[in-house]
Amino acid sequence: MCGIIGLFLKTPALENDLGRLSADMLKVMSDRGPDSAGFAVYRRGSADTVKLTLRIPSDTDRGTLATKLRAALGADLATIENRDDHAIITLKADQENAARTLLAQLAPQASVVAAGTRMELYKGTGRPDEVATRYHLASLSGTHAIGHTRMATESAVTTEGAHPFSTGIDQCLVHNGSLSNHNAVRRRLQHEGLPFETANDSEVAAGYLTWRMRQGASLAEALSAARAELDGFYTFVVGTETGFAVLRDPIACKPAVMAENDDYVAFGSEYRALVALPGIAKARLFEPEPGQVYVWDRAA
């Protein structure tokens with residue numbers, strides 16, 4: 001099972017509605033994955049800043065943590081925004097490594113879920129509609145978002161095992177399916193220096209794309225290479241700072257439907273995830289072809 005949604009806006013007209021539309025899509029997919037859910041939203045950002053998405057236990061004194069971080073990093077620490085058991089820290093890009101070191105010392109119980117100039121990533125256990133509400137997805141604006149509702153198969157029902165998985169700056173992936181060679185690929189990527197936090201096969205897919213793009217491949221080239229090196233059944237939806245991509249395995253085992261018009265590109269595991277989108281009646285509807293890489297990019 002599992003459900004995937006994605007919404008990539010081609011123009012600014014719907015940016016204020018991105019979170020609301022994505023939340024509705026995610027909730028519709030709740031019965032495809034009732035165990036846990038997550039989403040990544042690409043919001044407006046500055047090239048000289050970085051956002052760290054943290055998962056922080058509820059008993060952490062966040063006020064004290066913020067004070068200590070500001071004292072150590074100086075006034076360049078812009079904001080700390082709390083959302084339930086997650087928090088977004090925005091700081092100067094050149095302070096990222098120092099901030100990570102400080103966080104490990106000051107709040108070792110906290111974990112960095114994702115990092116990026118624009119990406120914020122939230123995930124947790126529970127029904128997808130509850131997860132979307134917990135992190136106020138409907139209130140978020142931005143240029144694109146991807147989400148996932150999970151029915152666990154490859155690992156336990158945990159927040160760590162929920163999607164999206166992020167293994168690179170402003171990069172994340174959601175996956176419906178199962179990879180048969182993920183252990184071998186994980187070992188190979190670990191030798192290349194990529195760390196992994198879970199035994200989940202989907203994290204390996206995310207790591208593979210990160211590794212390829214670090215070598216200089218474009219998102220489209222990385223996905224093309226994945227067709228030859230990742231075995232199994234899969235539908236991937238991928239987000240980068242300015243891009244949005246879809247790939248189904250060569251057999252197209254998992255369901256997928258897309259809609260495109262002048263304002264957006266939308267993805268759903270089922271059409272009912274798309275039916276409430278504005279202008280859907282006149283959008284071009286299609287199923288992604290088996291093994292074909294689809295990429296849209298607002299920087300292009």
Can you give me the distance in nm between label points at residue 215 and residue 105, each placed 7 Å from the Cα along the Cα-to-Cβ direction? 3.8 nm
Computed for region 49-116: size of charge dipole around the Cα centre, +1 on C-beta of each Lys and Arg, -1 on C-beta of each Asp and Glu, debye to nearest 20, value 80 debye
Across 47, 162, 283, the residue with the highest GNM fluctuation in the chain (Cα network, 10 Å cutoff) is 47
Could you give the nm distance between label points at residue 70 and residue 287, where each point is 7 Å from its Cα heading toward the beta carbon? 5.5 nm
Of 226, 280, 140, which is farthest along the charge dipole of the chain in the positive direction, counting Lys and Arg as +1 and Asp and Glu as -1 at C-beta? 140
To make sure I understand the rule: partners must be aspartates and glutamates, Cα under 13 Å from the Cα of residue 92, and not fewer than 8 residues away in the same chain. Which ones qualify? 48, 76
Could you name the aspartates and glutamates in cross-link range of residue 254, using Cα to Cα under 17 Å and dropping any fewer than eight places away on the same chain? 31, 154, 201, 231, 270, 287, 289
For region 39-185, what are the per-bin percents of Cα-Cα distances with bins 5 Å wide, up to the bin holding the maximum? 2, 9, 18, 22, 19, 15, 9, 4, 1, 0
How far, in nm, would the chain grow between residue 253 and residue 228 when pulled straight, counting 0.36 nm per residue and subtracting the alpha carbon separation? 7.4 nm
Nitroxide proxy distance, nm - points 7 Å out along Cα→Cβ at residue 261 and residue 62: 3.7 nm
Before anything else, pin down the relative contact order of the chain: Cα pairs under 8 Å, at least 6 apart, normalised by residue count, whole percent. 24 percent
If I build a Gaussian network model for the chain, linking alpha-carbon pairs within less than 10 angstrom, which residue out of 127, 150, 70 has the largest mean-square fluctuation? 70
Equivalent-ellipsoid semi-axes (√(5λ), Cα gyration tensor) for the chain, whole Å, largest first? 29, 22, 19
How big is the convex hull of the Cα atoms of region 49-116, per residue, in Å³? 71 Å³
Neighbour counts of other C-beta atoms within 10 Å: give me 204, 238, 157 arranged from fewest to most. 157, 238, 204
What is the helix-to-structure angle for 182-191, meaning the angle in degrees between its Cα long axis and the longest Cα principal axis of the chain, kept from 0 to 90 and rounded to the nearest 10? 40 degrees
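Each value in this text was obtained by applying a stated rule to the coordinates, not by laboratory testing. Computed from a predicted structure; not experimentally measured. Note: ideal-geometry Cβ built from the backbone for every residue, glycine included; neighbour counts use all protein chains shown.
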